[in-house]
Amino acid sequence: MGNIFAGSEIVAIGIQIEKNGRDFYNTLFTKSTKQKAKDIFEYLASEEEKHIAMFLKILDSLENYEPKEAFPQEYFAYMKVLAEKYVFTQENKGSEIAGNTKSDKDAIELGIGFEKDSIAFYDGMKKVVPEGDVKIIDGLIAQEEEHLKRLSDLKNSL
């Protein structure tokens with residue numbers, strides 16, 4: 001029985017999440033009227049672009065990698081359900097969602113939620129990539145946590 005979800009597909013979802021994040025923050029940058037918010041949105045958009053490049057490198061290393069899980073089909077099924085519930089895995093959702101925000105505070109709240117969801121997804125992703133790539137994923141998680149802190153600080157300052 002084949003995998004319900006291959007590791008490469010999960011990494012491709014990570015790329016889509018980052019593309020939507022980039023588009024989300026770029027759209028917020030153009031919508032915001034507060035310079036402090038614009039600066040953070042611009043920074044976060046550029047960070048998401050870097051993450052796309054990191055995931056593309058991981059994708060190259062996956063070829064026919066199979067996770068060490070005792071029941072990989074069940075784990076891939078879990079990741080599929082997690083991905084389907086996460087709005088940023090859907091193509092072109094970043095700009096659309098950002099375009100519908102009513103205020104910087106609303107946008108920041110959404111960004112905080114998206115960063116938390118990304119952290120949860122990437123934590124799960126560590127089980128489907130080769131051991132050598134786990135450090136890269138850990139680094140991405142640390143960066144997402146830093147983004148979460150920046151957004152929380154921005155929320156408290158507005």
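Laboratory data are not the source of any read-out in this text; all were calculated from the coordinates shown. Everything quoted here is computed from the prediction, not taken from an experiment. Cβ sites come from the backbone with ideal geometry, for glycine too, and all protein chains shown count toward neighbours.
Tabulated data
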item	result
Gained length - Ala53 relative to Glu145, 0.36 nm times residue gap less alpha-carbon distance	31.3 nm
Thr30 paired with Asn100, simple spin-label distance in nm, labels 7 Å along Cα-to-beta-carbon	1.8 nm
Estimated [θ] at 222 nm from DSSP helical runs (n ≥ 4, -39500 (n - 2.57)) normalised by residues in the chain, nearest 500	-27000 deg cm²/dmol
Rounded tilt (10° steps) of 131-157 against the dominant C-alpha axis of the chain	20 degrees
Mean Cβ neighbour count within 10 Å, used as a protection proxy, ranking 109-115, 90-96 highest first	109-115, 90-96
Angle between the chain longest axis and helix 35-62 axis [Cα atoms, degrees, rounded to 10]	10 degrees
Summed side-chain charge close to Ala45 - residues other than Ala45 whose Cβ falls under 9 Å, Lys, Arg +1, Asp, Glu -1	-4
Size of charge dipole - the chain - debye, nearest 20, with Cβ of Lys, Arg +1 and Asp, Glu -1, no other charges	560 debye
Set of lysines near Lys50 by C-alpha distance (under 18 Å), chain-local residues within fewer than 8 positions excluded	Lys19, Lys135
Angle in degrees between helix 72-85 and the longest Cα principal axis of the chain, rounded to the nearest 10	20 degrees
Cα convex hull of segment 7-157 - mean projected area over all directions, nm²	8.2 nm²
